[in-house]
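> The structure is given below, and queries will be raised subsequently.
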Amino acid sequence: MLLKIDFENEVPIYLQLRNQIVLGIASGALQPGESLPSVRQLAADVGINLHTVNKAYATLRAEGFLAVHKREGVIVRRREEMAASEGFARRLRADLEPSAAEAICRSLDEAAFLRVCAEVYRLIQGGRQA
Amino acid sequence: MISTENLLMFTFVTLFLYAMTWITPHRTRRGIVFGVRVPAAHLDRPEIAGLLREYDRFYGVLGGAVAAGFIAAVWLTRSAPAFFAGLLTQLALVYVAYFRFRGKLLALKESGIFAVERPSGVVVVDTRFRETPLVVSWRWYAAPWLIVAINALLPVACWAGIPARLPFHWNLAGQVDNWVDKSWAMVEAMPLLMAFVTGMMMVFSLVLRAVKQEINPESPGRSVAQNRLFRLRWSKYMLASSVAVDLVFTVVNLNILSLVPMSASVMMLLIFGLLFLTMAYTLVLTARDGQGGSYIPVPDDGQTAGAPRDDDRFYKWGLFYVNADDPALWVEKRYGVGWTLNFGNRRSWLIMGALLAVALGSILLPLLLVRSEVGAAAAEAIQPCAQPVVDNLLEGMKTHDYERAVKDFSPEMLAAMDAAKMRQQAESVFVPKLGVPEAWRYDKAKAKGGFVSLLYRVDFTQEKDVTVRVVFRPKDPEFKVQGLWLDSPKLRQ
């Protein structure tokens with residue numbers, strides 16, 4: 001998978017990494033059981049501090065997306081192991097709140113808003129990135 | 001006096017450097033010009049193309065003139081100072097040209113004409129980059145190791161055929177100027193060196209795999225494919241060049257072991273031929289593929305991820321990558337084709353130190369062997385063997401047979417004084433003042449600067465006790481005369 005890090009974006013690098021990897025898993029760019037580069041290797045390839053990659057991987061591990069084994073390294077977990085948690089439901093609402101609010105302000109009606117959501121969802125599921 | 005083979009090598013190295021330096025700014029990664037990052041939107045500006053054309057004119061003409069000038073100077077004078085001055089001047093010119101045009105580009109950048117609306121800084125990394133082999137398999141290194149093994153086993157098979165004194169160093173004139181006594185350490189010296197070089201090449205294979213990914217975000221798919229090919233091609237080249245270098249050392253080894261009758265001339269030509277091929281191929285790789293493989297024709301898949309970041313601040317002078325936050329050790333060169341170290345990483349200084357030590361050691365070690373002092377006892381010891389040479393020299397002078405007198409002169413000595421010149425010197429200076437040598441006896445030996453002087457007291461027709469000093473190289477099995485001096489009160493008048 002091609003990970004894209006935008007240094008000019010205000011989103012923190014570790015979060016960009018985390019989001020990219022989740023996107024990769026969702027779109028199938030990263031397959032279950034596939035291994036990701038080690039912390040050191042990824043940090044060196046991107047050109048960032050080890051701690052940043054560490055934080056991204058730690059976050060993904062805590063959220064259940066990745067498993068870290070002694071021998072195999074960093075592995076993508078199976079879909080079944082990532083089932084929706086209460087924490088996710090709460091975060092989903094929190095993440096959608098700013099987008100929905102701005103849509104209302106900018107007079108985007110509910111149907112249009114839902115259409116956009118559906119489009120993005122389907123694009124990812126179809127193996128492409130929005 | 002530099003030999004023709006060394007002159008040919010100088011000529012080739014000069015032309016190689018000229019060609020490589022001229023091509024380099026045209027084959028760096030697109031978007032980096034003289035070590036300065038230029039946004040993609042502005043790469044097609046006439047100022048950039050104009051700058052490169054100006055460089056071509058500047059370096060093409062000045063570099064060409066300097067190259068041609070030194071080639072002519074070295075061929076005409078055959079002098080070592082011209083040789084070294086030529087190499088140094090050309091290297092200096094490479095940097096003069098680089099900094100001159102880098103300065104112009106920096107001025108342009110500072111004037112703000114490369115401004116973009118939204119600064120962009122995308123880095124793309126392929127998570128699967130190293131999952132499939134990037135470099136040629138180590139099993140192919142069986143070929144160079146076979147050559148090493150053959151060289152290592154040669155003395156075992158042919159010990160008796162190896163002479164007691166081994167030639168160990170050739171000077172710029174192509175002559176042997178130092179010998180060592182045969183021993184296991186000396187006969188295995190070349191195989192050891194070959195093993196070291198071959199091992200080093202294998203280690204470079206690992207480096208090629210570990211080098212930081214540099215993917216162009218403007219067309220990442222194509223960039224990945226190009227970079228993979230680039231690393232693979234260079235790893236194959238490293239394998240081939242380790243074979244070539246091992247063959248070069250084999251030629252040298254065969255000469256040291258004196259197992260194959262070969263003139264110094266042929267040896268030099270073989271060595272330089274192999275080195276020529278090895279170096280010339282890097283020109284092909286540079287011109288054809290460019291840095292990172294960015295000029296390898298690979299179809300564009302149309303995907304894009306954004307524009308690269310302005311990373312000028314991480315590169316000192318546009319040449320040295322210094323980023324302490326980046327754990328990467330090996331990175332691509334910013335100017336030129338190849339790889340270099342991240343000097344912000346402390347380990348890079350260790351590696352740099354080790355590489356410098358190896359390079360300096362391999363140059364200084366033979367020189368140290370040559371300059372080693374001979375003890376007084378060893379100096380005395382050569383006298384019985386050198387006596388026939390001295391006898392012959394003085395007999396020749398006695399009978400005005402100058403052809404005979406110069407018979408055992410070394411080639412360098414002969415260049416300064418052949419039979420005709422000696423006759424002229426003798427007849428205009430020595431014979432009128434001193435006469436000819438009639439009787440002589442050995443006095444003592446002196447050792448200095450790698451040479452041994454044998455001093456004789458010689459009775460000439462018109463003066464007794466003239467000091468004649470005949471100079472030899474202590475380990476020369478043929479005892480060629482390296483120097484001749486006469487001293488007496490009458491001569492000093």
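The values are calculated or read from the model by the stated rules, or taken from the named source; none is laboratory data. Just so it is clear, the structure is predicted and the values come from calculations on it, not from any experiment. When we count neighbours, we look across all protein chains shown, and the Cβ atoms used for this are built from the backbone with ideal geometry, even at glycine. The protein model used for the area step is the full one, side chains on, heavy atoms only, and it has no ligands, DNA or RNA in it. Shrake-Rupley method; radii C 1.70, N 1.55, O 1.52, S 1.80 Å.
> Expressed as a whole number of Å, what is the distance separating the alpha-carbon centroids of region B:310-327 and region B:5-25?
Centre-to-centre distance over Cα atoms comes out at 30 Å.
> Using +1 at the C-beta of Lys and Arg and -1 at the C-beta of Asp and Glu, which of B:Leu43, B:Val94, B:Trp75 has the Cα lying farthest in the positive direction of the dipole of the protein assembly as shown?
About the Cα centre, the residue reaching furthest to the positive side is B:Leu43.
> Hey, which of these cross-link pairs are over 23 Å Cα-Cα: A:Lys55/B:Lys212; B:Lys407/B:Lys475; B:Lys444/B:Lys475; A:Lys55/B:Lys333; B:Lys212/B:Lys333; B:Lys104/B:Lys316?
Numbers: A:Lys55/B:Lys212 21 Å; B:Lys407/B:Lys475 19 Å; B:Lys444/B:Lys475 18 Å; A:Lys55/B:Lys333 30 Å; B:Lys212/B:Lys333 11 Å; B:Lys104/B:Lys316 16 Å.
Among A:Lys55/B:Lys212; B:Lys407/B:Lys475; B:Lys444/B:Lys475; A:Lys55/B:Lys333; B:Lys212/B:Lys333; B:Lys104/B:Lys316, the Cα-Cα distance tops 23 Å for A:Lys55/B:Lys333.
> Also, quick follow-up: Please give the average number of partner chain Cβ atoms lying within 10 Å of the Cβ of each residue in A:46-57, rounded to a whole number. Walk me through the numbers on the way to the answer.
Values: counts 8, 16, 6, 4, 3, 1, 1, 1, 0, 0, 0, 0.
The per-residue average across the peptide is 3.
> Moving on to the next point. Would you kindly derive the ³J(HN,Hα) couplings of region A:31-44 from the backbone phi angles with the Karplus curve 6.51 cos²θ - 1.76 cosθ + 1.60 (θ = phi - 60°), listing them in order in whole Hz, with x for Gly and Pro?
So the J values, rounded to whole Hz, are 8, x, x, 6, 9, 9, x, 5, 3, 4, 5, 5, 4, 5.
> Then there is this: What does the accessible area per residue of the protein assembly as shown come to in Å², with a 1.4 Å probe and no ligands, DNA or RNA counted? If you can, show how the numbers build up before the last one.
On the way: 31970 Å² over 623 residues.
Accessible area per residue, the protein assembly as shown: 51 Å².
> Over region B:1-126, calculate the relative contact order: mean separation of alpha carbon pairs under 8 Å at least 6 apart, over the residue count, as a percent.
37
> For region A:1-93, state the semi-axes of the equivalent ellipsoid (square roots of 5 times the eigenvalues of the alpha-carbon gyration tensor), sorted largest first and rounded to whole angstrom.
Details: eigenvalues 82, 59, 29 Å².
Each semi-axis is √(5λ); the values are 20, 17, 12 Å.
> Let me ask something additional. Excluding residues on the same chain fewer than 8 positions from B:Lys490, give the aspartates and glutamates whose Cα lies under 19 Å from its Cα.
List returned: B:Glu427, B:Glu438, B:Asp459, B:Glu463, B:Asp465.
> Does anyone have the angle between helix B:346-371 and the longest principal axis of chain B? Alpha-carbon axes, 0 to 90°, nearest 10?
The two axes meet at around 20 degrees.
> Can you give the helix-only mean residue ellipticity at 222 nm for chain B, where every DSSP H stretch with n ≥ 4 adds -39500 (n - 2.57) and the sum goes over all residues, rounded to the nearest 500 deg cm²/dmol?
On the way: 16 runs with 262 residues, N = 493.
The helix contribution divided over chain B gives -17500 deg cm²/dmol.
> Across all directions of projection, what mean area in square nanometres is found for the Cα convex hull of the protein assembly as shown?
Details: hull surface 153.2 nm².
Orientation-averaged projected area of the Cα hull: 38.3 nm².
> Send over the per residue convex hull volume for region B:129-186, Cα only, as a whole number of Å³. Please report the intermediate quantities before stating the final value.
Values: hull volume 8.9 nm³, N = 58.
Here the figure is 154 Å³ per residue.
> Further question on the same structure: If the viscosity is 0.890 mPa s and the temperature 25 °C, what Stokes-Einstein diffusion coefficient in µm²/s follows for region B:212-283 when Rh is the Kirkwood radius over Cα pairs?
Values: Rh = 14.7 Å.
So the translational diffusion coefficient is about 167 µm²/s.
> Same structure, new question: Within 10 Å of each Cβ in B:322-329, how many Cβ atoms from other chains are there, averaged over the peptide? Write down the numbers at each step before the final one.
Numbers: counts 0, 2, 1, 7, 8, 13, 8, 1.
Average neighbour count from other chains, rounded to a whole number: 5.
> For region B:431-482, report the translational diffusion coefficient in µm²/s to the nearest whole number, using Stokes-Einstein at 10 °C, 1.306 mPa s, and a Kirkwood Rh over Cα pairs.
Working: Rh = 11.9 Å.
For these conditions, the coefficient is 133 µm²/s.
> A further question follows. Could you tell me the total accessible area buried at the A-B interface, probe 1.4 Å, in square angstrom to the nearest hundred?
Working: alone 9330 and 24660 Å², together 31970 Å².
The buried area between A and B, both sides summed, comes to about 2000 Å².
> Still on this structure, please answer the following. Counting only other residues whose beta carbon sits under 13 Å from that of B:Arg469, what net charge do I get with K and R as +1, D and E as -1?
Numbers: positive: B:Lys444, B:Lys446, B:Lys448, B:Arg457; negative: B:Asp443, B:Asp487.
Local net charge: +2.
> Within 10 Å of each Cβ of A:3-11, how many other protein chain Cβ atoms are there on average?
On the way: counts 8, 9, 9, 9, 9, 9, 4, 0, 0.
Shielding by partners across A:3-11 averages 6.
> OK, next. What's the carbon and sulfur percent of the protein assembly as shown's accessible surface, probe 1.4 angstrom, rounded to a whole number? Could you put the intermediate results ahead of the total?
On the way: 20150 of 31970 Å².
Solvent-exposed carbon and sulfur of the protein assembly as shown make up 63 percent of the total.
> If you place +1 on the Cβ of every Lys and Arg, -1 on the Cβ of every Asp and Glu, and leave all else neutral, what size is the dipole of region B:1-93 about its Cα centre, to the nearest 20 Debye? Let's see the in-between values first.
Values: 8 positive and 5 negative charges, 50 e Å.
About 240 debye.
> Can I ask one more? Charges at C-beta only: +1 for Lys and Arg, -1 for Asp and Glu. How large is the resulting dipole of chain B about its Cα centre, in Debye rounded to 20? Don't skip to the answer; put the middle values down first.
On the way: 52 positive and 42 negative charges, 185 e Å.
Using only the charged Cβ atoms, the result is roughly 900 debye.
> When the convex hull of the Cα atoms of region B:263-396 is projected onto a plane and the area is averaged over all directions, what value comes out in nm²? Display every interim value, and only then the final one.
Values: hull surface 65.6 nm².
Computed as one quarter of the Cα hull surface, the answer is 16.4 nm².
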